[in-house]
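Peer 1: For reference, the structure I am asking about is given below.
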Amino acid sequence: MVIPSSSEFAFGTNDFTIEFFLRAGTNSTNYTIIFSLSGSTGAKRFEVAFHNSTIQVYTDTGGWRNTGYAPTSGAWEHFAFQRDHSGNTLKMFVDGKIKWSVSNNRDYDEPFTTKIGLHGTSYDSLRGYLSNVRICIGHLVYSSNNFTPPTTPLTVHYTCLLYTSDAAD
């Protein structure tokens with residue numbers, strides 16, 4: 001799925017939460033996109049992808065960062081990426097547990113084009129299923145490093161984009 005560029009999706013230096021449910025298949029190649037938020041400046045993109053079976057994030061450094069987390073193939077997992085602007089941190093949670101954290105004070109001041117489950121014709125599409133992708137701008141959805149993940153479909157609240165259909169291979 002591709003959502004065209006919009007000024008509504010310029011995060012700036014604000015808080016944001018991006019969350020989804022993933023049931024991963026076999027994603028062993030590099031640059032298999034889970035989601036991509038890209039603008040006109042390549043270094044300001046925010047992407048989450050599989051690289052050699054682990055989740056990697058392209059963010060504030062202008063390069064890929066390895067989270068070291070390999071999703072469980074065939075099992076549904078809840079992922080949440082949160083950037084806390086006051087603490088200049090970006091965290092990745094899996095099923096309510098913090099799995100990775102890094103410093104992040106990037107100004108994402110450009111409108112993003114959003115791609116879910118694909119990047120382009122020269123890269124592999126996601127193998128597996130994505131459900132309930134929610135992008136919230138301007139606030140953190142979760143306030144603890146350990147939380148109970150949602151067990152019902154995600155809903156729109158505050159400033160959010162919600163994609164509820166499953167994307168499958």
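The values are calculated or read from the model by the stated rules, or taken from the named source; none is laboratory data. Model, not experiment: these values are computed from the prediction. Don't worry about glycine lacking a Cβ; one is built from the backbone with ideal geometry, like all the others, and counts go over all protein chains shown. Surface accessibility is based on the protein's heavy atoms, side chains included, excluding ligands, DNA and RNA. Shrake-Rupley method; radii C 1.70, N 1.55, O 1.52, S 1.80 Å.
Peer 1: Take the conditions open to solvent by 30 Å² or more (accessible area, probe 1.4 Å), at pLDDT 90 or above and touching a Gly at 6+ places or on another chain (Cβ under 8 Å) and apply them to THR159. Does it pass? Walk me through how you get there before you give the answer.
Peer 2: Numbers: open to solvent by 30 Å² or more (accessible area, probe 1.4 Å): yes; at pLDDT 90 or above: no; touching a Gly at 6+ places or on another chain (Cβ under 8 Å): yes.
So THR159 fails the test.
Peer 1: So, LEU90, is that one more than 21 Å from SER53 (Cβ to Cβ) and either basic (Lys, Arg) or modelled with pLDDT of 90 or more (or both) or not?
Peer 2: Numbers: more than 21 Å from SER53 (Cβ to Cβ): yes; either basic (Lys, Arg) or modelled with pLDDT of 90 or more (or both): yes.
Yes; evaluated as a whole, the condition is true for this residue.
Peer 1: Further question: Restricting to region 12-32, name every residue that is closer than 25 Å to PRO150 by Cα and at pLDDT 80 or above.
Peer 2: Correct list: ASN14, ASP15, PHE16, THR17, ILE18, GLU19, PHE20, PHE21, LEU22, ARG23, ALA24.
Peer 1: Now for a different question. Would you confirm whether any residue within region 60-77 is hydrophobic (A, V, I, L, M, F, W, C) and in contact with a Leu (Cβ under 7 Å, 6 or more places away or on another chain)?
Peer 2: No, every residue in region 60-77 fails to be hydrophobic (A, V, I, L, M, F, W, C) and in contact with a Leu (Cβ under 7 Å, 6 or more places away or on another chain).
Peer 1: How do the pairs read when you match residues in region 49-63 that are in contact (Cβ under 8 Å) with a residue 12 or more places away in the chain and on the phi < 0 side of the Ramachandran plot with residues anywhere that are outside any strand (DSSP E or B) and surrounded by 23 or more Cβ atoms within 10 Å (Cβ to Cβ), using Cβ under 6 Å and keeping only pairs 6 or more apart or on different chains?
Peer 2: PHE50/ASN27
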